[in-house]
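As structure tokens, the structure follows; a few thoughts come after it.
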Amino acid sequence: MISLYPKNDKDQKIRIKRFLMAASSYLVFALLILYCYYLGIYRMPFALTISWFVFVVLMNVVFYSIFRLGINLRFKDKSLTMFQIAAATLVTMVTLYFLDQVRGAGLLFYIVSFSFGIFRLQVRQFLILAIFALLGYLIIILLLMKFEPDRIHFKIEVIRLIVLAVVLLWFSFLGGYLSRLRQKVEHLATNDPLTGVYNRRQLFRLLEREKSLASRGHSPFALCILDIDQFKNVNDTFGHQAGDTVLSSIATIVNKNLRKIDHLARYGGEEFTMILSYPDIIDAIKCAERIKNIISSHTFHHNGKVISVTVSIGVTIFKPDENIEATLSRADKALYQAKENGRNLVEYLVPD
């Protein structure tokens, strides 16, 4: 049986639920338009109105398909917020052209569509959408003046345009401010406060997402667990602040030597986990070896003292349809082998 939501991707499920909530507002929108048509204040011919409704439905089906197939995951904004608001703005533009006495009330549809960008869009993105909406309404005014001059009062429309500009400008800065607050809260919830990399909670969210992608036919990923060798000696010899310096420095070094498509998280204590988008374990091993060598040759400093550390890394690759715990367990066993074989090593285990 086909499900509305993906079963093993919580983030994607939330995105689809939000989209369906936004899509349901089109139903309210359609009912209002039909009521205006019934009252005789909506001029679009009935057959064309039905065709327009069909287009809007198809537009939402396309958006849903993009979410359901995971195509949205290729974008930086995986919720496709700007695209959805731009589409809603376009629908509003066309509708406003055919409204007469209640055109001013119809401008509220802009606010409804823009509200879905709160907590998601930056000020610059809001301003782009605001300019798009204002230019669209200006075009509506010009078209009405040319083709339906008896149905427009120019001075009133100019006032409406100015009010709309003020409201959208205010909305843009308010929305951007709230978005920055959300980002700060989200960063606190997903990132380790000491090292700045992802925390354990976010690690498992990323692993579930990568598992979902791999299960849908995308390339599998490699998983590495990195452990600082004899880290307790660093704390005992140089102090815990020195240990914190080493932890944050190693996180910085590893991050600088990973690609943007890879992820680093603090697994716990002196352990870090790397999610590498390598379908071949050989490439993942080479990456782990390179990082190990960079760290072992790096000199750490704290309060004028020189500290040298090494790391051991366990590497494995995700097997489609296995659970994340099995992959982590295999990487942990590979790390244990590296420790047993003398430390400052990279060891790997492949799935059965």
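Details
- Meets criteria (in the same structural domain as S212 (by TED's automatic domain parsing), over 28 Å from R205 (Cβ atoms), touching a residue at least 60 places away in the same chain (Cβ under 8 Å) and touching a Phe, Trp or Tyr at 6+ places or on another chain (Cβ under 8 Å)) for V315: no
- Among the residues here, M82 qualifies as of a type outside the set (D, E, K, R), within 16 Å of the chain's Cα centre (by Cα) and either modelled with pLDDT of 95 or more or assigned to a helix (DSSP H, G or I) (or both).
- Unique residue being farther than 30 Å from R15 by Cα and either in contact with a Ser or Thr (Cβ under 8 Å, 6 or more places away or on another chain) or surrounded by 14 or more Cβ atoms within 10 Å (Cβ to Cβ) (or both) when the list is I162, I118, I140, I128: I140
- Enumeration of residues in segment 229-257 that are in a loop (DSSP other than H, G, I, E, B) and touching a helix residue (DSSP H, G or I) at 6+ places or on another chain (Cβ under 9 Å): D229, N257
- Within segment 273-301, the set of residues being within 22 Å of Q202 (Cα to Cα) and in contact with a strand residue (DSSP E or B) (Cβ under 6 Å, 6 or more places away or on another chain) comprises T273, M274, I275, L276, Y278, A284, A288.
- Screening R74 with (1) surrounded by 11 or more Cβ atoms within 10 Å (Cβ to Cβ); (2) closer than 19 Å to L207 by Cα gives one miss only, at (1).
- Scanning segment 95-147 for residues that are of a type in the set (A, V, I, L, M, F, W, C) and within 17 Å of L178 (Cβ to Cβ) returns I111, V112, F114, F116, I118, F119, L121, V123, F126, L127, L129, A130.
- Checking each residue of segment 201-216 against the condition of being without any contact (Cβ under 8 Å) to a residue 40 or more places away in the chain and of a type in the set (D, E) gives no match.
- Residue in segment 42-60 that is part of a helix (DSSP H, G or I), more than 24 Å from the chain's Cα centre (by Cα), under 29 Å from H153 (Cα atoms) and charged (D, E, K, R) present: no
- Here the strands (runs of 3 or more DSSP E) wholly within segment 290-352 that include at least 3 residues being of a type in the set (A, V, I, L, M) and within 15 Å of Y267 (Cα to Cα) are 311-317.
- Filtered residues of segment 275-294 (kept if of a type in the set (S, T, N, Q) and at pLDDT below 95): S277
- Residue-level analysis places E270 among those that are closer than 22 Å to F204 by Cα and in contact (Cβ under 8 Å) with a residue 40 or more places away in the chain.
The values are calculated or read from the model by the stated rules, or taken from the named source; none is laboratory data. These numbers come from a predicted model, not from an experiment. Here Cβ is always computed from backbone atoms with ideal geometry, including for glycine, and neighbour counts include all displayed protein chains.
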